[in-house]
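J.: Pasting in a structure now, in structure tokens, and then I'll have a few things to ask.
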Amino acid sequence: MLLTEIRRNQKLAAKRNPMYDRNRFAKFLIYLFTAFWAAYLILIGVTLPIAFEEGFPTMEPYDMLNACLPGFLFIDFLLRFLFPTPVQQIKPYLLLPIKKQQLINVLLVQVGLKAFNLFWLFFFVPFAAMTVVRFYGVTGVVCYALGIWLLMVANAYWSVLVRTLQRRHIVWVLLPVGCYVLLAVGGFFYSYVSDFSMALGEALIQGKILAYLGILVVIALLAFLNSRVQMACIYSELNRREKMPQVKHAGRYRFLNHFGLTGEYMKLELKMIFRNKAPKKNFQMMTVIIVSFALSLLGFRHAGEEEFFSLHLYVVYCFTGYAISILSRIMAYEGNYLDGLLMHRGSLLYLFRGKYYVYCLLLVIPLMCMLPALILGSISVLLVFSQLFYTAGVTFPVIMLLVLMNRKTAPLDASLMGKGQWNSPYQALSVAFAFFAPIAICRILFIWMEPSTTYLVCTLLGVPGIVLHPLWCKLLYRKVFQKRHSLMEDLRETR
């Protein structure tokens, strides 16, 4: 069977990767981190019904959860941007005597059968066991779990469609933005979205066939659209003609000349971001997301207990966006031209400093985007500036530690069928740290301190990293320079 054969080839490709042996411990950490979040979801699923019963005594807890289903689907949609699309995985099979349409269909089936589609059941099944089982028994829990799984499969195909289209042109980002803005407007100002979501959730619990058939029709429609779009992307990629880039504005960034060699490496970083396809796409996409999240902050009129996680996540994501999308690939992009960087002993030190300064400067973009929310009082000034200092002093140094782990060269001009963007499991761990560590710290400190004191502590945590950046950049450089031979060998093997 083609599906089994492709899966077998993917496992062999992972084992034959030069980084396979080095990534075993990191994979163990990934599994441990996944188990932690699964346990965390189970805990939330068990305790949330009690909060719903106390906060909304006139409604059943499962009705309240069903009203929030669009929010869960939106979070799931964002998380799926970490996964590759089928059109990126088909390249090794293009020369084989197999129909491309058949390959696309098999890879799309893999999308629907991914284990990640079951991950949210760690939350919904315990929740249903605490609330649904009292009225509908175990059958209701099973039917609800089946319905949630089908919704996640539909969301997977929706995510693949959006990611494939936005890789062709950044304008396609307006498609999901428009859809979720309409859903947000319908949810905040009207009750149509929440009413439909509650009705659908209750129909799934009751095991109504029409509800399941409706979701299956959506899955079939999205799978069909994906099949056509993926085929169009393949042919456009195969028929694409490479255009020689014309270098313009050679004298750009002249103001950085005042910073000496560090300024030259800052120029190199800026040119890498704005001239190469892969970093440029990441920068454009992240800018759209940051602007969207900053506009979403306008809807927060008070920072209540129920809005704590969303508020902090939006602020943290705005500040860490560029770092997790581009800086986390440190040394992976440089692997394309590392031979030249190592010709001079101190070049990597200036490179690390230049990168740190560039991404500190890029923090101005999310800060400017959040100004309307600050002016209207939707978010606290202390919150914004505490996360600004924390990001520059803690998150950036932690992400830059990936220079010791990233041993796989990433293409600067990756096409639709280019290599995957993830360099190692350590990269995923650093992204998780950047997202959730500041939120967890604030949550813990809130137990003993006032919010203003908590934000002051977060600011103080970031100050040493900012002040001592020459020291930790030099220590990082010395460690990399000691491993330069093995680093060069690994990066050359994966070009």
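The values are calculated or read from the model by the stated rules, or taken from the named source; none is laboratory data. Being a predicted model, the structure only gives us computed values, none of them experimental. In this analysis, Cβ positions are derived from the backbone assuming ideal geometry, glycine residues included, and neighbour counts consider all displayed protein chains. Ligands, DNA and RNA are stripped out before the accessible areas are found, and what is left, the full protein with its side chains, is counted by its heavy atoms. Shrake-Rupley method; radii C 1.70, N 1.55, O 1.52, S 1.80 Å.
J.: Could you state how much accessible area Glu450 has, in square angstrom rounded to the nearest 10, with a 1.4 Å probe and all protein chains kept in place?
T.: 120 Å²
J.: Would you kindly derive the ³J(HN,Hα) couplings of segment 273-289 from the backbone phi angles with the Karplus curve 6.51 cos²θ - 1.76 cosθ + 1.60 (θ = phi - 60°), listing them in order in whole Hz, with x for Gly and Pro?
T.: Along segment 273-289, the couplings run 5, 9, 10, 9, 4, 5, x, 5, 4, 4, 5, 5, 4, 5, 4, 4, 5 Hz.
J.: Magnitude of the Cβ-charge dipole of segment 312-461, K/R +1 and D/E -1, about the Cα centre, nearest 20 debye? Working shown, then result.
T.: Details: 8 positive and 4 negative charges, 58 e Å.
So the magnitude is around 280 debye.
J.: So, for segment 125-188, what is the accessible surface per residue at a probe of 1.4 Å, expressed in square angstrom?
T.: Working: 2880 Å² over 64 residues.
The answer is 45 Å² per residue.
J.: I've got another one for you. How much accessible area per residue does segment 327-400 have, counting only protein heavy atoms and a probe of 1.4 Å, in square angstrom?
T.: On the way: 2530 Å² over 74 residues.
Value returned for segment 327-400: 34 Å² of accessible area per residue.
J.: What FRET efficiency comes out for the pair Leu456/Lys99, r = Cβ-Cβ distance, R0 = 51 Å, nearest 0.05?
T.: Details: r = 63 Å, r/R0 = 1.23.
Given R0 = 51 Å and the Cβ-Cβ separation, E is 0.25.
J.: Follow-up. With respect to the cross-link table entries Lys100/Lys281; Lys114/Lys408; Lys271/Lys355, which display a Cα-Cα separation exceeding 18 Å?
T.: Working: Lys100/Lys281 27 Å; Lys114/Lys408 25 Å; Lys271/Lys355 12 Å.
Pairs exceeding the cut-off: Lys100/Lys281; Lys114/Lys408.
J.: Sorted by mean Cβ packing within 10 Å, highest first, what order do the peptides 347-354, 254-261, 62-69 take?
T.: Values: 347-354: 22.0, 254-261: 11.9, 62-69: 20.5.
Most protected by this proxy first, the peptides run 347-354, 62-69, 254-261.
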